[in-house]
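What follows is a short report on a single structure.
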Amino acid sequence: MLLIKNTLVSLDLIEEYFACDLDACHGECCIEGDAGAPVTREELDAIEAVLPAVMDDLTPAARRVIEQEGTGYVDEEGDLVTSIVCGRDCVFTTYAPGGLCLCALEKASREGRAPQTKPISCHLYPVRLKELPGGMTGVNFHHWKICHAARARGLREGIRAYEFLREPLTRRFGADWYDELALAAREWLAAHPD
């Protein structure tokens, strides 16, 4: 683990190669699992504010879930998460040609129809955060079989997970934090070559 400001960063974030490969996985992280994406109340409020910009991108089933149950719920573990369709798909999943799953919130942001409201838990994936005693945050690399292609692409292209995740890590922790992480990563990798 590395101590970066008030976080404990898993060495996997530095050592693992990672670069999403949507052509290979088809965005499976939007549709796999038994609960929606972890969110904060503030994130749900921001998402609800942009619903008009994304509703036409959603499936009819997702629109029904949002209308009947809302954009989020508290799951079995007591966490606030995005609503899901048929016990599986995030309600904000949209489909591109060829069955590629995309986040409707991110799509609307990239197209200039809405500000960035994609939940930080999704934007950061495969990083998972854990609140620790003393106000510390654990920054952990989550290993999930559906991301095998992302690890292979990262290795092929020489992209470490922390490099691929620069934008969301900066969004969550700030530019100074990311710069400190990048410096620590370079030093660690120089001292511990593959």
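Numbers at a glance
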item	result
Matching entry among Val9, Val65, Val39 (being β-branched (Val, Ile, Thr) and free of Cβ contacts under 8 Å to residues at least 60 places away in the same chain)	Val65
Residue match in the range 163-171 (condition: touching a residue at least 40 places away in the same chain (Cβ under 8 Å), in contact with a His (Cβ under 6 Å, 6 or more places away or on another chain) and either polar (S, T, N, Q) or surrounded by 14 or more Cβ atoms within 10 Å (Cβ to Cβ) (or both))	yes
Entirely in the range 1-112, the strands (runs of 3 or more DSSP E) that have 2 or more residues that are modelled with pLDDT of 85 or more	2-4, 7-9, 72-74, 80-82, 93-96
The one condition in (1) free of Cβ contacts under 8 Å to residues at least 60 places away in the same chain; (2) touching a Lys or Arg at 6+ places or on another chain (Cβ under 7 Å) that Val81 fails to fulfil	(2)
Qualifying residue in the range 113-134 (condition: in a helix (DSSP H, G or I), among the basic types (Lys, Arg) and in contact (Cβ under 8 Å) with a residue 12 or more places away in the chain)	no
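The values are calculated or read from the model by the stated rules, or taken from the named source; none is laboratory data. Predicted, not measured: the structure shown is a model, and the values here were computed from it. All Cβ positions, glycine included, derive from the backbone under ideal geometry; neighbour counts span all protein chains shown.
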